[in-house]
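The values are calculated or read from the model by the stated rules, or taken from the named source; none is laboratory data. Quick caveat, the model's predicted, so the values are computed rather than measured. Every residue, glycine among them, receives a Cβ derived from its backbone with ideal geometry; neighbour counts consider all protein chains shown. Surface accessibility is based on the protein's heavy atoms, side chains included, excluding ligands, DNA and RNA. Shrake-Rupley method; radii C 1.70, N 1.55, O 1.52, S 1.80 Å.
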Amino acid sequence: MTKRLLMLLTLLLAGLGLGVLACNLWVIQSTQAFLYDSPTAIPPRGVGLVLGTSPWSREGRANAHFRGRVESAALLYKRGALQHVLLSGANPSDRYNEPRAMYKTLAELGVDRDDMTLDFAGFRTLDSVVRAQQIFGLEEFTLITQRFHAYRAVFIAHHLGLDVVAYTAPTIPRRRSYRTEIREVFARVKAVLDLFFIDKQPRFLGEREEIRLDNTDEAGG
């Protein structure tokens with residue numbers, strides 16, 4: 001390898017590294033003021049959007065990220081910070097169905113079944129957020145997920161002009177979730193590309209199914 005080629009390769013890698021860093025700083029710094037970890041401090045919203053994840057870890061153990069999200073949703077619901085929860089995730093097979101797993105667990109945690117709506121086409125974070133607006137008629141809501149994921153979810157929502165905050169669910173020690181958090185670094189870059197360069201759209205939209213709350217004529221609160 002010639003010195004010139006090596007220099008070009010080095011500059012390319014440095015440029016890519018700076019691009020990844022810039023995207024992550026943009027996503028995090030522009031959204032961190034909208035993340036809350038206290039159920040008493042978060043402003044109330046009519047609807048909470050719980051972003052799906054597997055109930056089980058790769059090793060076959062119970063997934064603490066899943067449990068943290070559903071328990072956080074139940075906590076906000078019981079405190080009156082939410083009236084309704086939208087459960088959005090993937091369901092690629094009869095054996096793997098994120099929304100139904102969340103629905104079952106939240107019912108066990110005391111959330112009224114009539115106050116839950118299932119979105120089976122939340123294949124990606126972008127899909128879940130876009131569908132919350134375009135299918136379920138929401139213009140404001142609370143996102144519920146772990147902090148490392150919440151930055152990206154809020155970033156997408158704000159790009160769509162939505163009035164959104166996030167409640168940061170408990171996470172697991174970094175030594176056990178480092179793979180997930182490393183993937184999230186690159187997922188933030190992809191989110192920037194999807195929103196500003198590719199104009200990525202959800203895999204599936206379908207018919208409108210507005211969520212209407214008892215005390216308002218407007219979807220979403």
Relative frequency of Cα-Cα separations exceeding 18 Å in the stretch 72-118, percent: 25 percent
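Probe of 1.4 angstrom, ligands and nucleic acids ignored: what's the accessible area per residue over the stretch 97-141, in square angstrom?
With all protein chains present, the stretch 97-141 gives 37 Å² per residue.
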Alpha-carbon Debye profile of the stretch 1-66, log10 I(q)/I(0) at 0.14 Å⁻¹: -0.79
Residue-span extension gain [PHE204 to ARG113] - 0.36 nm each, minus C-alpha spacing: 30.3 nm
Aspartates and glutamates with Cα under 20 Å of LYS78, excluding same-chain neighbours fewer than 8 positions away: ASP37, GLU108, ASP112, ASP114, ASP115, GLU140, ASP214
Cα pair distances of the stretch 1-146 binned at 10 Å [whole percent]: 11, 33, 28, 14, 8, 5, 1
Two-site label geometry, GLU71 and ALA33: point separation in nm, points 7 Å out along Cα→Cβ: 3.2 nm
Compactness index (Cα Rg / 2.2 N^0.38 Å), the stretch 68-210: 1.03
20 Å Cα-Cα reach of LYS190 towards lysines, excluding residues that sit fewer than 8 places from it in its own chain: LYS200
Carbon plus sulfur fraction of accessible area for the chain, probe 1.4 Å, in percent: 55 percent
Probe 1.4 Å, all protein chains present, accessible-area order of HIS158, HIS65, largest first: HIS158, HIS65
Rounded accessible area of PHE186 (nearest 10 Å², 1.4 Å probe): 120 Å²
Antiparallel content of DSSP bridges confined to the stretch 36-133, in %, to 5: 20 percent
Local electrostatic count at ARG124 - Lys and Arg +1, Asp and Glu -1, tallied over other residues with Cβ under 14 Å: +2
